[in-house]
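All remarks here apply to the structure that follows.
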Amino acid sequence: MTVTEFNTCVDQYSDNLYRFILKHIKDTDAAKDIVQDTYEKIWRKVNEVESVNAKSYLFTTAHHTLIDYTRKAKKQGDYTEAVEQKLNHSTQYTDIKEILNYALDKLPEIQKSVILLRDYEGYDYAEIGKITNLSESQVKVYIFRARAFLKNYIGKLEAII
């Protein structure tokens with residue numbers, strides 16, 4: 001990959017990469033850091049990565065960096081979460097997007113990743129398998145289970161509206 005191809009890669013995929021990460025962690029600063037770390041990692045291997053595979057390599061690297069970040073964050077703990085939950089006095093929702101995001105947060109990490117890659121980013125099953133190191137059939141199973149959970153969790157759309 002040349003420097004020009006790398007710059008083109010940054011221009012084309014940085015917003016999608018940021019959105020994918022932000023859907024997982026809900027922290028804009030941490031998401032920006034993870035995007036920057038991802039591009040740093042690809043820059044270190046710029047001679048090994050072909051420009052044709054750059055998008056897949058970026059999302060794979062971002063996925064692994066995100067896993068490392070969440071594992072590290074779990075060990076440290078988040079003390080602001082308890083305070084925010086005390087301030088919430090109502091669980092009644094009026095925004096469908098908010099309900100969907102809340103339901104996505106209830107999913108296991110791998111199911112959340114495959115759903116976001118498939119439904120938000122538009123990857124096919126084979127590409128998702130490469131990014132997450134899963135077989136294509138495992139990806140299909142995780143997507144099916146995630147969609148079934150979301151369907152049961154959200155219920156009928158008429159009940160929400």
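The values are calculated or read from the model by the stated rules, or taken from the named source; none is laboratory data. Everything quoted here is computed from the prediction, not taken from an experiment. All Cβ positions, even for glycine, are placed from backbone atoms using ideal geometry, and neighbour counts span all protein chains on display.
Of the helices (runs of 4 or more DSSP H) entirely within the range 50-159, those holding at least 3 residues that are modelled with pLDDT under 85, assigned by TED's automatic domain parsing to the domain that holds Cys9 and loosely packed, with under 12 Cβ neighbours inside 10 Å occupy 54-76, 80-87. Scanning the range 1-33 for residues that are surrounded by fewer than 16 Cβ atoms within 10 Å (Cβ to Cβ) and either in contact with a Gly (Cβ under 7 Å, 6 or more places away or on another chain) or among the charged types (D, E, K, R) (or both) yields Glu5, Asp11, Asp15, Arg19, Lys26, Asp27, Asp29, Lys32, Asp33.
With the structure loaded, tell me whether Thr4 is touching a helix residue (DSSP H, G or I) at 6+ places or on another chain (Cβ under 8 Å), part of a helix (DSSP H, G or I) and among the β-branched types (Val, Ile, Thr) or whether it fails that test. Spelling it out, it is not the case that Thr4 is touching a helix residue (DSSP H, G or I) at 6+ places or on another chain (Cβ under 8 Å), part of a helix (DSSP H, G or I) and among the β-branched types (Val, Ile, Thr). Of the residues making up the range 28-70, those that are closer than 22 Å to Gln111 by Cα and of a type in the set (A, V, I, L, M) are Ala30, Ala31, Ile34, Val35, Leu58, Ala62, Leu66, Ile67.
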